[in-house]
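This report refers to the structure that appears directly beneath it.
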Amino acid sequence: MVVGLSILVLLNLWNMPTRAVVEEEIMFSEFMAKLDQGSIDKVIMQGHRVTAVLKDNSHIRTYMADYPDLVQVLREKHVQIEAKPLGETSWYVTVLMTWGPFVLFLGLWVFLMRRMQTGNAAMSLAKSKARMQTDERKKVTFSDVAGIDEVKEEVQETVEFLKDPRKFRKLGGRIPKGVLVVGPPGTGKTLLAKAIAGEAGVPFFSISGSDFVEMFVGVGASRVRALFEDAKKHAPCIVFIDEIDAVGRSRGAGLGGGNDEREQTLNQLLVEMDGFDTTEGVILVAATNRPDVLDPALLRPGRFDRQVTVNHPDLRGRSEILRVHTKKVPMAANVELEKIARGTPGFSGADLANLVNEAALWAARQNKNEVGMADFETAKDKIMMGAERKSMILTDEEKRITAYHEAGHALVATVLPGTDPVHKVSIIPRGR
């Protein structure tokens, strides 16, 4: 279609006159005066429009009033008369009207043929949206996962199976077909699945539970089939489904009943998992922070028959996580990661990574070459208590009362036995 329109434009430019004719528009009375003077050589009549060519080869244009004797007067003056139909259009408009529908149909046909070659819309919807990662440069290992040593030990046998499955098979052992990683957000569930694949050196397929479900019935089940077909082709491998609760909720609870699209997707997932043969070397790892809403059939032995719980790291775990995230950060000599870990109870791995990043950003804003302890303190206060409210105005009396109040807290915490040591006292108002 684009080619056809381009050809029409080129033909129009090729046949365009090299010099445009300038027509001076005059009154009809002036036209009659020139006619009486014998200055007009030729007249072109098109409806009420009259174009005249003078004897000096100039052009004039006017609009004829109701004057039926004009033709007779022109003949008496021996003026050439040319008449054109009122609706005459230019040649390129005629060509466009004639060939335009054909060019449009041809372009539509080419577009449909290309869509058929790459698969129609239904087939493209049924394709798996899983992303396979095999890049060695992006490989994650257990050394990148800190603070969850017990969990790493529990999934270590999965890695050993992918590396040497014969060791388990010769003793009649069967590796779990599915591993469900349960834990709060930010505790490293996805990172753990990547580390399993990285340690085993196998391809890693990752997909979200919400990627299966579409508004079209049957698409989710087709995507499940396509996912497992791709996984079998690249076996041994790991298939990771993040937020599986989006597709694995208990059946019968939805508004659509048994015919709900999400339930059809779950049914297909159950069939694919139950039909797995351990010889195929495909292990399914899923993550969720809501195991209570999952369908019981999904958790039975033979499917997700192993559950691994990832909790928030303890003091030692937070220290290890901080060491991992500060490997590439230039640190000042006064930085004590143990002290930072003690001051961040309840932080997840993602929270600690954010803490290191905020400290680095703050140090960069201060034009420093290293990240110091003060930068970590500023970042920690910002994350835990919000940004400083510098616009808030306090009177001296309010500041004095607040200082007495906070000093009382610090004094009681210092005097009472068995309490944590007081690390910092502040009366600066913050966002939280």
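The values are calculated or read from the model by the stated rules, or taken from the named source; none is laboratory data. None of the values given here were measured: they were computed from a predicted structure. Neighbour counts are summed over all protein chains in view; Cβ atoms, including those assigned to glycine, are modelled from backbone coordinates with ideal geometry.
Can you find a residue in segment 390-409 that is free of Cβ contacts under 8 Å to residues at least 40 places away in the same chain, in a helix (DSSP H, G or I), surrounded by 15 or more Cβ atoms within 10 Å (Cβ to Cβ) and of a type in the set (A, V, I, L, M)? So far as segment 390-409 goes, no, none of its residues is free of Cβ contacts under 8 Å to residues at least 40 places away in the same chain, in a helix (DSSP H, G or I), surrounded by 15 or more Cβ atoms within 10 Å (Cβ to Cβ) and of a type in the set (A, V, I, L, M).
Every test in (1) free of Cβ contacts under 8 Å to residues at least 24 places away in the same chain; (2) within 30 Å of the chain's Cα centre (by Cα); (3) under 22 Å from PHE240 (Cβ atoms) is passed by VAL271 save one, and that test is (2). Taking the criterion of being part of a helix (DSSP H, G or I) and under 32 Å from the mean Cα position of the chain (by Cα), the only residue of segment 159-185 that qualifies is VAL159. If I filter segment 74-93 for residues that are surrounded by 10 or more Cβ atoms within 10 Å (Cβ to Cβ), among the hydroxyl-bearing types (Ser, Thr, Tyr) and modelled with pLDDT of 85 or more, do I get at least one hit? No, because not a single residue in segment 74-93 is surrounded by 10 or more Cβ atoms within 10 Å (Cβ to Cβ), among the hydroxyl-bearing types (Ser, Thr, Tyr) and modelled with pLDDT of 85 or more. For segment 349-362, indicate whether the set of residues that are in a loop (DSSP other than H, G, I, E, B) and either in contact with a Leu (Cβ under 6 Å, 6 or more places away or on another chain) or among the acidic types (Asp, Glu) (or both) is non-empty. Checked segment 349-362: no residue is in a loop (DSSP other than H, G, I, E, B) and either in contact with a Leu (Cβ under 6 Å, 6 or more places away or on another chain) or among the acidic types (Asp, Glu) (or both). With respect to LYS189, is the statement that it is on the phi < 0 side of the Ramachandran plot, touching a strand residue (DSSP E or B) at 6+ places or on another chain (Cβ under 6 Å) and in contact (Cβ under 8 Å) with a residue 12 or more places away in the chain true? So LYS189 passes the test.
Test LEU315 against the stated conditions and say whether it is at pLDDT 90 or above and either under 30 Å from LYS232 (Cβ atoms) or of a type outside the set (Gly, Ala, Ser) (or both).
yes
If you go through segment 73-87 and keep only what is free of Cβ contacts under 8 Å to residues at least 24 places away in the same chain and closer than 16 Å to HIS48 by Cα, you end up with just GLY87. Residues in segment 130-168 that are at pLDDT 80 or above, among the basic types (Lys, Arg) and either touching a Ser or Thr at 6+ places or on another chain (Cβ under 7 Å) or within 19 Å of GLY186 (Cβ to Cβ) (or both): LYS152 only. Against the numbered list (1) among the hydroxyl-bearing types (Ser, Thr, Tyr); (2) under 30 Å from ALA332 (Cα atoms); (3) outside any helix (DSSP H, G or I), THR378 comes up short only at (3). Based on what the data block shows, is ASP260 of a type in the set (Asp, Glu), at pLDDT below 85 and either in contact with a helix residue (DSSP H, G or I) (Cβ under 8 Å, 6 or more places away or on another chain) or more than 25 Å from GLU154 (Cβ to Cβ) (or both)? So ASP260 fits the description; yes. Among the criteria (1) modelled with pLDDT of 75 or more; (2) of a type in the set (Lys, Arg); (3) loosely packed, with under 13 Cβ neighbours inside 10 Å; (4) under 29 Å from MET97 (Cα atoms), the one ARG19 does not fulfil is (1).
Out of everything in segment 330-348 that is assigned to a loop (DSSP other than H, G, I, E, B) and among the aliphatic types (A, V, I, L, M), what residue ends up being nearest to GLY188 (Cα to Cα)? Walk me through how you get there before you give the answer.
At the first step, the residues of segment 330-348 found to be assigned to a loop (DSSP other than H, G, I, E, B) are 330, 332-336, 343-348.
Filter once more, so that each one left must be among the aliphatic types (A, V, I, L, M): 332-333, 335.
Numbers: ALA332: 28, ALA333: 29, VAL335: 25 Å.
By that ranking, first place goes to VAL335.
Across segment 49-73, the qualifying residues are those that are at pLDDT below 80 and of a type outside the set (D, E, K, R), and the one among them that is nearest to PHE31 (Cα to Cα) is MET64. Is there a residue in segment 373-384 that is surrounded by 12 or more Cβ atoms within 10 Å (Cβ to Cβ), within 35 Å of the chain's Cα centre (by Cα) and touching a residue at least 60 places away in the same chain (Cβ under 8 Å)? Scanning segment 373-384, I find no residue that is surrounded by 12 or more Cβ atoms within 10 Å (Cβ to Cβ), within 35 Å of the chain's Cα centre (by Cα) and touching a residue at least 60 places away in the same chain (Cβ under 8 Å), so the answer is no.
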